[in-house]
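Student: Quick one: structure below, then a few questions.
Readers should treat all values here as calculations from the given coordinates under stated rules, not as data from a laboratory. Keep in mind that this is a model prediction, so the values were computed, not measured. Please note: Cβ atoms are built from the backbone with ideal geometry, for glycine as well, and neighbour counts cover all protein chains shown.
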Amino acid sequence: MPKVLGEGIFSAYRQDGIAHLSAIGQKPSPQTKVTIDQLPFLIYPPRFALMFETDGITNPLVMPFDIDRAIPNYPPDVKFISVMDKNGLHAIDILDLPATGNGGLIDDPNAAIFAVFRQINGDQYLIAKADSAILAIFIKVFGPDTYANCQAYVAAHAVVTPPSLAIAPGALNAWIDRQPGPDHGPKLIVTVDVIVEIDWTVSLVSAVPQGINPLVKLLKFDIVLPPGPVHSNAMMKKTFRYEEAPPQNPYTDVTIENATGSNTAPVRIIV
């Protein structure tokens, strides 16, 4: 299958003299390959495109993607990167980040000369010398202190993005069981099929708070990742189940909150 334009949310930065173009979003299947390609146009500065390519047999499971392309030879005087996706051409401003490693930044990591800077209205943190010239979109939130203490501050305050689970289309089902009998009674039952790593511990639980509409039951995935940086990467399909007896409200819909969005299904009544 030929490459087609995908859809994404873009950002760009320059660090250590190298420009980077990043994109996040969702792809239509686990087998879809996502790339950022330079367009073959004789134009200055060069333009890029977010491309989707899917070959062979695929599973119709929407999956998140996160891709970063380094552009070593991008003109240093250009402050934006042009990238095209299915929604058109975008000009992405390049954020200049402080140098990494010992490239003039860390003279003595034990000296209390460093500070932590946080992006205004954002969750990105930078560590730099306290007297460094930092872009106006960052404010100092910690320091001056040692480099190690600045790293500890970032680790304690950085926002951790929860992992997202891939839900197959039509895989979310919800019903209220009102069948008569001693072993029955009003009960909300929700089942959902997802693709998950085999060593993740996942359960489907009630979300808190429950939202403003009492007729919509909000659920979420409680995900516990295995300890350590190494995990299996092996994927499998699992069915998760939630029950509420008796239902706290006459629900009409069930919504599962996910890191990259939400999935909703109507509640059926079984009598």
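Student: Determine, at each q value in 0.15 (inverse angstroms), the log₁₀ of I(q)/I(0) that the Debye formula gives when each Cα of the chain is one equal point scatterer.
Tutor: -1.20
Student: Continuing with this model, one more query. Going by amide H atoms built from the backbone, whose H comes under 5 Å of the H on residue 92, apart from near neighbours?
Tutor: Distant-sequence amide H within range of residue 92: 81, 82, 83.
Student: How big is the Rg/Rh ratio for segment 166-270, C-alpha atoms only, Rh by Kirkwood, two decimals?
Tutor: Reported Rg/Rh (Cα atoms, Kirkwood Rh): 1.02.
Student: Here is a further query. If you build a Gaussian network model of the chain, linking Cα atoms that sit under 10 Å apart, which residue out of 84, 235, 51 swings the most?
Tutor: It is 235.
Student: Follow-up question, since we're still on this one. Of the listed pairs 86/237; 27/86; 79/129, which have alpha-carbon separations greater than 21 Å here?
Tutor: Going by Cα-Cα distance, 86/237; 79/129 fall outside the 21 Å limit.
Student: So if we plug the beta-carbon distance of residue 33 and residue 157 into 1/(1 + (r/R0)^6) with R0 = 30 Å, what FRET efficiency do we get, rounded to 0.05?
Tutor: Working from the Cβ atoms, E equals 0.25.
Student: Also, quick follow-up: What do you get for Rg/Rh over segment 4-96 if you use C-alpha atoms and the Kirkwood form of Rh?
Tutor: 1.00
Student: Moving to a separate point now. Relative contact order for the chain: what percent, with Cα pairs under 8 Å and sequence separation of 6 or more?
Tutor: 14 percent
Student: Against the longest alpha carbon principal axis of the chain, how many degrees, from 0 to 90 and to the nearest 10, is the axis of helix 147-157 turned?
Tutor: 30 degrees
Student: Moving on. Going by average Cβ density within 10 Å per residue, which order do the peptides 19-32, 214-227 take, highest to lowest?
Tutor: Result, highest mean first: 19-32, 214-227.
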